[in-house]
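Asker: Just dropping this structure here.
The values are calculated or read from the model by the stated rules, or taken from the named source; none is laboratory data. Note that this is a predicted model, so its numbers are computed, not measured. Because the Cβ atoms are built from the backbone with ideal geometry, glycine has one as well, and the counts that use them run over all protein chains shown. Side chains included, ligands, DNA and RNA excluded: accessible areas come from the protein's heavy atoms. Shrake-Rupley method; radii C 1.70, N 1.55, O 1.52, S 1.80 Å.
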Amino acid sequence: MNVQSASRDGLESVDPDAIRIGLAIPLQGPGGIFGPSCEAVSELFRQQVNEAGLLGRPVELEVIDAGQPPEKVAHTVRELMDGGRIDALTGWHISSVREAVAPITQKRIPYVYTSLYEGGESRPGVFCAGETPGQQVGPALAWLRDTYNLRRWHIVGSDYIWPRRSARAASRYARALGLEVLSTSLTRFDAVDFAGTLDRIERGPQADGVLMFLVGQDAVLFNREFAGRGLDGELARLTPLMGENMLLASGPGAIRNLYVAAGYFRSLPTGSSLDFVGAYTDAFGPEAPLLNNQGESCYEGLQLLAALFTAAQDTSIEAVLGVAEGLGYDGPRGAMELRSGHLRQEVYLAQADLTDFDVITALR
């Protein structure tokens, strides 16, 4: 794949006429499981857009390893901007990285943050393409209450911005829905053992489900330990973050009663999604990295940047801000509209089914 790498290969020369986009994706750590699909999907976009060019210019990507400590990622982004090496930034990465990077990009280059996140981002020039708890968690809890009478929940997450703030939001939704949050357990990011958390769930008050705010490999390990104790037969699990590759890594014996709320699934039976899956398979073949929500979100980020640049007929932050409000485009997730720096999109509830997800309903 013809993708530059700022973090692995040094700051190499690029086409001076190109629109240069930094692609900040995790290549290590718990989120590293998403790196190959994020990179492949982004290369698909680059190939497609370069058939005609963007504003009459080619597009080049520079990969930044967003699995590094946030301050190191921010340093790389600043170095690229100061050297005139990137005109914009996008990619899937955790909120701690966004919090380090956004103050650096603000007022200098457009930054599309593609991950689901805790909500509340309002800095001009930072555009959020991912889902928020109000779109995912609240409606999913309501559906599970109404459909299966699931009312008593434990919350499990990593101890950083997204899980902490999302857990607080989930507790507010639970109270409004007449549900009960029995406990909230936060473990360190990149945890390898969830025994203490699972002990508390087993010994605590009787519950109906566990709400998970865990990333990548952390969620995989939790699923295995959870099922290893037989809890998957007693408690439902609900999470807003569970990609298809995480499903496979968890194993078919660890995904019973697992529900996911997200804006995209590979199995989504819509025309736009099927076209996207077909284009991805045609480009990279059956051995390509497994398509998932996290990878697809990088395509959305690049599509949004392309739509902004096209509407503005420029790549500058000033021009982009002038056309951003109300901007719309059609992508793999369907019709998207930018409002107050956030993409409005459909969100779905799915249940894990061996190696894929069975999409149950659209959430409202």
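Asker: Please list 35-42, 327-334, 97-104 highest first by mean number of surrounding beta-carbon atoms within 10 Å per residue.
Answerer: Ranking, from highest mean packing down: 35-42, 97-104, 327-334.
Asker: How high is the relative contact order of region 132-235, in percent, counting Cα pairs under 8 Å that sit 6 or more residues apart?
Answerer: Taking the mean separation of contacting Cα pairs over the length of region 132-235, I get 33 percent.
Asker: Next question, about the same structure. Provide the convex hull volume over Cα atoms per residue for region 94-247, in Å³.
Answerer: 109
Asker: For region 245-347, what's the radius of gyration and Dmax over Cα atoms, in angstrom?
Answerer: Looking at region 245-347, its Cα Rg and Dmax stand at 16.2, 52 Å.
Asker: At what distance in nm do the modelled label points of residue 344 and residue 28 sit from each other, each positioned 7 Å from its Cα along Cα→Cβ?
Answerer: So the label points at residue 344 and residue 28 sit 4.2 nm apart.
Asker: For labels at residue 225 and residue 106 in the simple 7 Å Cα→Cβ model, what's the distance in nm?
Answerer: My value for the distance between the label points is 3.7 nm.
Asker: Just the Cα atoms of region 176-309, one point each, no solvent: what log10 I(q)/I(0) does Debye give at q = 0.18 Å⁻¹?
Answerer: -1.04
Asker: Ignoring ligands, DNA and RNA, what accessible area per residue does the chain give at 1.4 Å, in Å²?
Answerer: I get 37 Å² per residue for this part.
Asker: Would you compute the Debye intensity of region 76-165 from its alpha-carbon atoms alone, equal scatterers and no solvent, and pass along log10 I(q)/I(0) at q = 0.12, 0.18, 0.20, 0.23 Å⁻¹ to two decimals?
Answerer: Cα-only, vacuum Debye calculation for region 76-165: -0.48, -0.83, -0.95, -1.14.
Asker: Go from 0 up to the bin containing the longest alpha carbon distance in region 143-201, width 10 Å each, and give me the % of pairs per bin.
Answerer: Going out from 0 Å in 10 Å bins, region 143-201 shows 22, 46, 28, 4 percent.
Asker: At a Förster distance of 35 Å, what's the computed FRET efficiency of residue 146 paired with residue 122, Cβ-Cβ distance as r, to 0.05?
Answerer: Efficiency for this residue pair is about 0.60.
Asker: What are the residues whose amide H is under 5 Å from the amide H of residue 263, where those residues sit 5 or more places off or on another chain and H is modelled from the backbone?
Answerer: Those qualifying (amide H under 5 Å, at least 5 residues apart or on another chain) are 348.
Asker: Still on this structure, I have one more. Can you compute the modelled spin-label distance between residue 48 and residue 206, with each label point 7 Å from Cα toward Cβ, in nm?
Answerer: Between residue 48 and residue 206, the label points sit 5.0 nm apart.
Asker: Sorted by mean Cβ packing within 10 Å, highest first, what order do the peptides 84-96, 195-207 take?
Answerer: Result, highest mean first: 84-96, 195-207.
Asker: Would you please give the residues with an amide H less than 5 Å from that of residue 357, counting only those at least 5 places away or on a separate chain, with H modeled from the backbone geometry?
Answerer: Sorted by chain and number, the residues that satisfy this are 267.
Asker: Separate question: I'd like the carbon and sulfur percentage of the solvent accessible area for region 97-190, probe radius 1.4 Å, heavy atoms only, ligands and nucleic acids excluded.
Answerer: Carbon-and-sulfur percentage of accessible area, whole number: 46.
Asker: Under the Karplus relation 6.51 cos²θ - 1.76 cosθ + 1.60, θ = phi - 60°, what is the ordered set of whole-Hz ³J(HN,Hα) values for region 130-138, x standing for Gly and Pro?
Answerer: Residue by residue, region 130-138 yields x, 7, 10, x, x, 8, 9, 6, x Hz.
Asker: Could you check which residue among 119, 138, 230 shows the biggest mean-square fluctuation in a GNM of the chain with a 10 Å Cα cutoff?
Answerer: Of 119, 138, 230, the Gaussian network model singles out 230 as fluctuating most.
Asker: Length gain on complete extension for the stretch residue 168 to residue 274, per 0.36 nm per residue less the alpha carbon to alpha carbon distance?
Answerer: Length difference between fully extended and current span is 34.6 nm.
Asker: Would you kindly work out the equivalent ellipsoid of region 116-171 from its C-alpha gyration tensor and give its semi-axes, the square roots of five times the eigenvalues, largest first in whole Å?
Answerer: Working through the eigenvalues yields semi-axes of 25, 14, 7 Å.
Asker: Next up: Say R0 is 51 Å: what FRET efficiency, to the nearest 0.05, do residue 193 and residue 318 get from their beta-carbon distance?
Answerer: Once rounded, the FRET efficiency stands at 0.55.
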